[in-house]
Amino acid sequence: MKVGVPKEIKTHEYRVGLTPGAVREYVAAGHSVLIETNAGAGIGATDENYRKAGATIVGSAQEVFASSEMIVKVKEPQPSEWTQLRENQILFTYLHLAPDPEQAKGLLKSGCTAIAYETVTDGHGGLPLLAPMSEVAGRLAIEAAGAALRRHAGGRGLLIGGVPGVPAARIVVVGGGVVGTHAARMAAGLGAEVTILERSIPRLRELDELFEGRVRTRFSTIDAVEEEVFAADAVIGAVLVPGASAPKLVSRGMLSSMRKGSVIVDVAIDQGGCFETSRPTTHADPTYETNGVIHYCVANMPGAVPLTSSQALNNATLPFGLALAGKGFAAVLENPYLRAGLNVYRGRLTYKAVAESLGLPFSPIEQAAA
């Protein structure tokens, strides 16, 4: 199969769909790989590195899209990209369609087959292609909170870990999944006072055992959210409903009771955000202030550390990508975990949570592929 990797064009997105090491794996499996020139610049991978790995370098994204049977990316296609997709072409990338009706319409119109990293599953009920970026984002969330808490950035002027004799910052993590766990681990490691809010009692037990008392756990109710958020110096939004829009757990009205100069980091912004006042920001302009609360809502946080992120992502996506390159759409039908990643197929939405979030018709894969 001809596999194509265009250069990412989202603002300050430096990751790449395939590293040179991953390209070698595709080529060894008998596939040809087209790489847009300078696609790997953000991770320090030159065109020559890709040539040595067996790739063919082409001069533009247009050539990649026109010549490839499968497109491998990192972030969701931008308007100039989805218009280049076509019927029978496979797109393998993060999509996050639920809060993005325009992208959904573009993919449906293209007739392509779009498989979303974030909804591919595994035998343990996990999301293996979302997990590595969730790990990165969770850790980065605490770095972002620490930077935003500084006085010159509009924050309260707190050091997350405090110093002897001075209290540490109070960090509240809403959601105890992969993002929340890694955010809590990072915050606790810096010496912060950390609370995780979570609705799953079994998960609360796991977190309690994992952190051995270094982190408070609390069952998430309306009362609990209000009490913790109002007392927090930083709140990390780490809520995930696979494929669907994130629930709004902190309302605009609640901001008036939060500490002035406190910080919100909404890691769920790719799925619409879990704070009512959240709106996507970029690495170039990452924060804004609403009702005295600093909001950090960068929609591609792992893009800030592209070398780490690209390697971690490729480690996870490689076996699935090779399966798609080897068997095409048949791999989706044969593999239940890849099937869970199918969001769009020839003009139909095939992921129920996405269809419900967008208010569009849902077509089960059996019906769409009939």
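Rule-based calculations on the coordinates, nothing more; no lab input. Everything quoted here is computed from the prediction, not taken from an experiment. Using ideal geometry, Cβ is built from the backbone for each residue, glycine included, and neighbour counts are taken over all protein chains shown.
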(request) For residue 10, list the aspartates and glutamates whose Cα falls under 16 Å from its own Cα; do not include residues on the same chain fewer than 8 positions away. (result) 36, 76, 81, 100, 102, 270, 285
(request) Report, in degrees rounded to the nearest 10, the 0 to 90 angle that the Cα long axis of helix 201-211 makes with the longest principal axis of the chain. (result) 80
(message) Could you derive backbone 3J(HN,Hα) for segment 90-106 from the dihedral phi with the Karplus parameters 6.51, -1.76 and 1.60 (θ = phi - 60°), listing whole Hz in sequence and x where the residue is Gly or Pro?
(response) 9, 10, 10, 5, 6, 10, 6, 6, 3, x, 10, x, 5, 4, 4, 5, x
(request) Assuming a ≥ b ≥ c are the square roots of the Cα gyration tensor eigenvalues, decide whether segment 39-126 counts as rounded (a/c under 1.5), prolate (otherwise, with a/b larger than b/c) or oblate. (result) oblate
(message) Taking the alpha-carbon distance from residue 2 and a cut-off under 18 Å, which lysines remain once sequence neighbours fewer than 8 residues away in the same chain are dropped?
(response) 52, 73, 327
(request) Specify whether the C-alpha gyration tensor of segment 131-299 places it in the rounded, prolate or oblate class, a ≥ b ≥ c being the square roots of the eigenvalues: rounded for a/c under 1.5, otherwise prolate if a/b is larger than b/c and oblate if not. (result) rounded
(request) Would you mind ranking 32, 200, 357 so that the residue whose beta carbon has the fewest other beta carbons within 10 Å leads the list? (result) 200, 32, 357
(message) How would 173, 305, 3 line up from fewest to most surrounding beta-carbon atoms within 10 angstrom?
(response) 305, 3, 173
(request) Could you list which residues have their amide H under 5 Å from that of residue 7, counting only those 5 or more apart in sequence or on another chain, with H placed in the peptide plane? (result) 36
(request) Note the listed values [x] 19.6; [y] 35.1; [z] 18.4, then indicate which one is mean projected area of the Cα convex hull in nm² calculated from this particular structure. (result) [z]
(request) Per residue of segment 212-220, in order, report the coupling 6.51 cos²θ - 1.76 cosθ + 1.60 (Karplus, θ = phi - 60°) as ³J(HN,Hα) in whole Hz, putting x for Gly and Pro. (result) 6, x, 6, 10, 6, 10, 8, 5, 7
(request) Calculate the radius of gyration of the Cα atoms of segment 220-370 to one decimal place, then report Dmax, the largest Cα-Cα distance, as a whole number, both in Å. (result) 19.2, 57
(request) Report the one residue of 61, 40, 29 whose Cα lies farthest in the direction of the positive end of the charge dipole of segment 7-158 (charges on C-beta: Lys and Arg +1, Asp and Glu -1; origin at the Cα centre). (result) 40
(message) For the chain, give me the percentage of DSSP beta bridges that are antiparallel, rounded to the nearest 5 percent.
(response) 20
(message) Using the Karplus curve 6.51 cos²θ - 1.76 cosθ + 1.60 with θ = phi - 60°, what ³J(HN,Hα) values do you get for each residue of segment 320-335, in whole Hz, with x for Gly and Pro?
(response) 6, x, 5, 5, 5, 5, x, 10, x, 4, 4, 5, 5, 5, 7, 9
(message) Mean-square fluctuation check for the chain, GNM, Cα pairs under 10 Å: which of 48, 334, 289 is largest?
(response) 334
(message) Skipping prolines and chain starts, which residues have an amide H placed within reach, meaning under 5 Å, of the one on residue 196, given they are 5 or more residues away or on another chain?
(response) 173, 216, 217, 218
(request) Rank 187, 164, 175 by how far each Cα sits towards the positive end of the charge dipole of segment 100-198 (+1 on Lys, Arg Cβ; -1 on Asp, Glu Cβ) and give me just the farthest. (result) 164
